[in-house]
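These notes concern the structure reproduced below.
The values are calculated or read from the model by the stated rules, or taken from the named source; none is laboratory data. Worth saying up front: this structure is predicted, and the values here are computed from it rather than measured. Virtual Cβ from ideal backbone geometry, glycine too; neighbours counted across all protein chains shown. Areas reflect the complete protein model, heavy atoms only, side chains present, ligands, DNA and RNA absent. Shrake-Rupley method; radii C 1.70, N 1.55, O 1.52, S 1.80 Å.
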Amino acid sequence: MNPSPDINPNLFTHRWTAHWIAPPGAVPHAFGVYHFRHEFQIAAPPERFVVHVSADNRYQLYVNGKRVCWGPARGDLAHWNYETVDIGPHLHAGRNVLAAIVWNFGEDAPLAQITAGTGFLLQSDTEMESCVDTGRTWKCFRNPSYTPIHYSHGDMRGYFVAGPGERIDGSMYPWGWEQPDYKDGAWEAASALSPGSPRDASDGPNAWMLVPRPIPLMEERPERLESVREAEGVRVPPKFPREPAPFVVAPHTRARVLLDNGCLTTGYPKLTVSGGSGATISLGYAETLFLEWTQHTEKGDRGEVGGKLFHGYRDIFLPDGGAAREFRPLWWRTYRYIVLEIETEEEALTVEDLRGDYTGYPFIRKATLALGAPDVERILEVGWRTARLCAHETYMDCPYYEQLQYVGDTRIQGMISIYMSGDARLLRNAIAQIDQSRTAEGATLSRAPSRLAQYIPSFSLFWIGMLHDYWMYVDDPEFVRRKMPGVRAVLAFFHTYQKENGSLRPLPWWRIIDSTPGWEGGVPPQEADGSSATYDLILLQAYQWAAEMEGALGLRCMSEAYRAAGNRLKSTIQELYWDPSRGLYADTPSSVGYSQHANSLAVLAGLITGADAQRLMETVLSDASLVPCALFFKYYLHAAATRAGLGDRYLDLLGPWHAMLAQGLTTWAEFPDYPGQSSRSDCHAWSAHPNIEMFRTVLGVDSAAPGFKRVRIRPHMGRLTEASGTVPHPSGDIHVRLKRNGAGLKAEVFLPAGLTGEFVWGGQTIPLDGGASSLQL
């Protein structure tokens, strides 16, 4: 752990003076929403007043009525995050009030939410601020207005573990609880639990081993909905919802308003109403509408609503009749469509406004690309939205259904982050969290953090690939060096399943590789002895990645051992799976099936090179009898085609993405739509890998050395006549402008000072130095 210079160093090794607190009698693992308050006096506004804050499950901290911090960033009990915030700018001379809302979603909590029981902690940075430390001087109140709304997998027609809906009864809500003038005389003293304890303390006295938050706070910004698509039982002003425009729902009325955000988003919906005592308000959230519910689920054009059914999870609000009551769920929602349903009783209800606050990881896009091809540039824009909605305090497979950080998805998402923003902090955090999930056998979980253990053996190997990606593109060798023991543990686990010839015996757990229709359950075929080309090839790549990293950063003896194991396995794969009669690698030694997967991996692992590799990939791309890659594994298919010299065909391989655009998607789906069944998730960032290849393949900018210390620019323009773009680099931005000139190419390149590399085109390799270069090839 690298202590932040902004934190008192004693807090990394010594027990804290603040105690975890909870309401008296609160059941640690039960659902509950709680409020905490603390008053203190200061003589003058301070220049600096730093506090460190955490909670289980979640919290929001207010200072004199203003929300200043929220969290904690998701982690596990052995790495429980706290936020550090300087509240000095929000303090004034005299009386000040800190207030926090803390909640525990109990058994309905998102699967990614770890817990040891309800608690709140606020620690001063130095003794000067110790008057605010949590303990019995803090007051607390259990908010009875909240009830969770449970949604099962059956309710959601698929695997759903993103947390509950919320039912909020406004008549029991302590309105204004966060404001300094709120009367909290009836609140009781909080119960003090154990002292806060950092992870590096000599003897941690409680379940939460505290570490500083390794990522920035999430972005939040206002976002207005775009349009009303349907309205029943009420007249909605034309400018609503793009602008605030109050409208009234009469007494004894049922009203329904279907709103369209225009594109999928993740955010906190905020509904403001006045009056309406006794009314029931429901807000439902959906990625899209459905044609019908049958054995198969069909969505059709995502932008069409006529004749379709709304199905999604909901929040329910019961107004108390007060003026300008704002309802905002505790956790963010995913939606393109919101359905607002209102049933009034004796009193009319005025809808003052409905809008949202977008939230997500605060990526800043630095990459630019101009291709003179609007259809291709549209793919880039949709891919970036997809990647952003699947990146919050962790990467997520999908924001609507699961919100889980899976290794296979995250490897692709991390590369998107690097190429689009140059910000690798979330990727670094993901690598650490997956590493921390390893169990005694040596394998990692398939996803982390997660309360439910799940293993996908290939994902442990892809974690090594993720670390290798980080090593190649991010200048952070010490972090990679610290992760090498995890690499050794994973490969030691797989070694116990290798036969004499290096091929794998039957592996435990879920052996899914790619959810393609050609494989039952996404699991590739294998022989009775476990032989499977796909798994053997991924293991071979893991040996190759590990050998490179060990040779540069770790133990030379391990590098040599991994190279030897890889070479032995390479020979075995060639002997077991190569079918000279078809010029392809089979999925099993007895040729039970042929797939794009195994043959793409054979190229990426270097089993076949040069003209032979090009012939192989020509067959892979044209032979319809092969099991095809689904959207996820097309990342490896496309990389193999480029490796084999077919990079100029990349833009012609984007048919599935053009098809999704034609279906009205505003983010990329988990799977393509098939006849009778649409993709479960309409937002899955493993499908956004064109946001890598537009820059790495088309523009041609790639790392040629660990830490991106050298750059290789090898464009594959295909049908394009010109292309220009910017790629962020650890040393600055790389700028490339390309224009065809007959059979030649004019290239203008700018590299950050001190960066060297090469430009490759048409068999020519030209050295590049920092600064501007103009080339005519």
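Among strands (runs of 3 or more DSSP E) lying entirely in the range 1-104, which contain 3 or more residues that are under 23 Å from D181 (Cβ atoms) and under 28 Å from the mean Cα position of the chain (by Cα)?
Values: elements: 19-22, 32-42, 50-56, 58-63, 66-71, 80-86, 94-104.
The qualifying strands (runs of 3 or more DSSP E) are 58-63, 66-71, 94-104.
Filtered by the rule that a residue be touching a Lys or Arg at 6+ places or on another chain (Cβ under 7 Å) and charged (D, E, K, R), the range 317-348 gives E326, R328, E341, E343. Check the range 429-442 and report whether any residue there is surrounded by 22 or more Cβ atoms within 10 Å (Cβ to Cβ) and either of a type in the set (K, R) or within 21 Å of E287 (Cα to Cα) (or both). Among the residues of the range 429-442, not one is surrounded by 22 or more Cβ atoms within 10 Å (Cβ to Cβ) and either of a type in the set (K, R) or within 21 Å of E287 (Cα to Cα) (or both), which makes the answer no. Considering the range 173-203, the residues that are buried (at least 19 other Cβ atoms within 10 Å of the Cβ) and within 32 Å of the chain's Cα centre (by Cα) include one that is nearest to H90 (Cα to Cα), namely E178.
Based on this model, can you work out whether G356 counts as over 28 Å from A448 (Cα atoms) and modelled with pLDDT under 95? First the steps, then the outcome.
Numbers: over 28 Å from A448 (Cα atoms): yes; modelled with pLDDT under 95: no.
Criteria not met by G356.
Restricting attention to the range 594-618, which residues are of a type in the set (S, T, N, Q) and either on the phi > 0 side of the Ramachandran plot or in contact with a Cys (Cβ under 6 Å, 6 or more places away or on another chain) (or both)? It would help to see each step written out before you state the result.
Applying the first criterion (of a type in the set (S, T, N, Q)) to the range 594-618 yields 595-596, 599-600, 609, 614.
Residue satisfying the conditions is Q596 alone.
Within the range 493-515, the set of residues being part of a loop (DSSP other than H, G, I, E, B), in contact with a Pro (Cβ under 9 Å, 6 or more places away or on another chain) and farther than 11 Å from I456 by Cβ comprises Y497, S503, D514.
Only one of G518, G566, G530 is closer than 26 Å to F493 by Cβ, assigned to a loop (DSSP other than H, G, I, E, B), within 34 Å of the chain's Cα centre (by Cα) and among the small types (G, A, S); which? Spell out the reasoning first.
Details: G518 fails: closer than 26 Å to F493 by Cβ; G566 fails: assigned to a loop (DSSP other than H, G, I, E, B).
None of the other options fit; the residue is G530.
Within the range 553-563, the residues that satisfy the criterion of being open to solvent by 60 Å² or more (accessible area, probe 1.4 Å), of a type outside the set (K, R) and part of a helix (DSSP H, G or I) are C557, E560. Residues in the range 58-109 that are open to solvent by 10 Å² or more (accessible area, probe 1.4 Å), touching a helix residue (DSSP H, G or I) at 6+ places or on another chain (Cβ under 8 Å) and of a type in the set (V, I, T): V68 only. Selection over the range 397-449 of residues that are farther than 18 Å from F479 by Cβ, of a type in the set (V, I, T) and not in a loop (DSSP other than H, G, I, E, B) gives a count of 2.
Would you check if M617 is in contact (Cβ under 8 Å) with a residue 12 or more places away in the chain, part of a helix (DSSP H, G or I), closer than 30 Å to E304 by Cα and not charged (D, E, K, R)? Criteria not met by M617.
Restricted to the range 707-724, and to residues there that are assigned to a strand (DSSP E or B) and open to solvent by 10 Å² or more (accessible area, probe 1.4 Å), the residue that is farthest from D423 (Cα to Cα) is E722.
Put simply, of A630, A602, A641, A613 the only residue that is crowded, with 21+ Cβ neighbours inside 10 Å, among the small types (G, A, S) and in contact with a Ser or Thr (Cβ under 6 Å, 6 or more places away or on another chain) is A630.
For the structure I just gave you, tell me whether P457 is more than 12 Å from the chain's Cα centre (by Cα), crowded, with 24+ Cβ neighbours inside 10 Å and not small (G, A, S). It is true that P457 is more than 12 Å from the chain's Cα centre (by Cα), crowded, with 24+ Cβ neighbours inside 10 Å and not small (G, A, S).
Residue pairs whose Cβ atoms lie under 7 Å apart, sitting 6 or more positions apart in sequence or on different chains, and linking a residue in the range 114-139 that is over 24 Å from E47 (Cα atoms) to a partner that is surrounded by fewer than 19 Cβ atoms within 10 Å (Cβ to Cβ) and basic (K, R), are I114/R451.
Just for the range 630-679: of the residues that are outside any helix (DSSP H, G or I) and β-branched (V, I, T), which one is farthest from the chain's Cα centre (by Cα)? Before you say what the answer is, go through the steps one by one.
Of all residues in the range 630-679, those outside any helix (DSSP H, G or I) come to 630-633, 644-646, 654, 663-679.
With β-branched (V, I, T) added as a condition, the list becomes 666-667.
Details: T666: 17, T667: 14 Å.
Among those residues, the one meeting the criterion is T666.
Entry remark, the range 537-552: residues being open to solvent by less than 10 Å² (accessible area, probe 1.4 Å) and within 15 Å of I608 (Cβ to Cβ) number 2 in total.
Any idea which of A430, A448, A440, A424 is without any contact (Cβ under 8 Å) to a residue 12 or more places away in the chain and either farther than 19 Å from P524 by Cβ or not hydroxyl-bearing (S, T, Y) (or both)? Reasoning before the result, please.
Details: A430 fails: without any contact (Cβ under 8 Å) to a residue 12 or more places away in the chain; A448 fails: without any contact (Cβ under 8 Å) to a residue 12 or more places away in the chain; A424 fails: without any contact (Cβ under 8 Å) to a residue 12 or more places away in the chain.
Of A430, A448, A440, A424, the one residue that is without any contact (Cβ under 8 Å) to a residue 12 or more places away in the chain and either farther than 19 Å from P524 by Cβ or not hydroxyl-bearing (S, T, Y) (or both) is A440.
Okay, residues lined up against (1) of a type in the set (D, E); (2) within 24 Å of N104 (Cβ to Cβ); (3) out of contact with any helix residue (DSSP H, G or I) (no Cβ under 7 Å at 6 or more places or on another chain):
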| position | (1), (2), (3) |
| --- | --- |
| T297 | no, no, yes |
| G300 | no, no, yes |
| G303 | no, no, yes |
| L309 | no, no, yes |
| D315 | yes, yes, yes |
| G321 | no, no, yes |
| A324 | no, no, yes |
| F327 | no, yes, yes |
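The set of residues from the range 569-596 being under 36 Å from the mean Cα position of the chain (by Cα) and acidic (D, E) comprises just one member, D587.
The residue of the range 748-762 that is modelled with the highest pLDDT, among those that are within 19 Å of M717 (Cα to Cα) and loosely packed, with under 15 Cβ neighbours inside 10 Å, is E748.
Here's the yes/no breakdown for (1) touching a Gly at 6+ places or on another chain (Cβ under 8 Å); (2) modelled with pLDDT of 95 or more; (3) at negative phi:
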position	(1), (2), (3)
T344	yes, yes, yes
A348	yes, yes, yes
A373	no, no, yes
R378	no, yes, yes
D409	no, yes, yes
L426	yes, yes, yes
A430	yes, yes, yes
A448	no, yes, yes
P457	no, yes, yes
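Restricting the range 251-298 to residues that are among the β-branched types (V, I, T) and open to solvent by less than 10 Å² (accessible area, probe 1.4 Å) leaves a set whose member that is nearest to the chain's Cα centre (by Cα) is T266. Among strands (runs of 3 or more DSSP E) entirely within the range 107-209, having at least 2 residues that are acidic (D, E), under 24 Å from H79 (Cβ atoms) and at pLDDT 95 or above singles out no element at all. In a residue-by-residue description of the range 317-324, the property of being without any contact (Cβ under 8 Å) to a residue 60 or more places away in the chain, open to solvent by 10 Å² or more (accessible area, probe 1.4 Å) and under 14 Å from the mean Cα position of the chain (by Cα) applies to no position.
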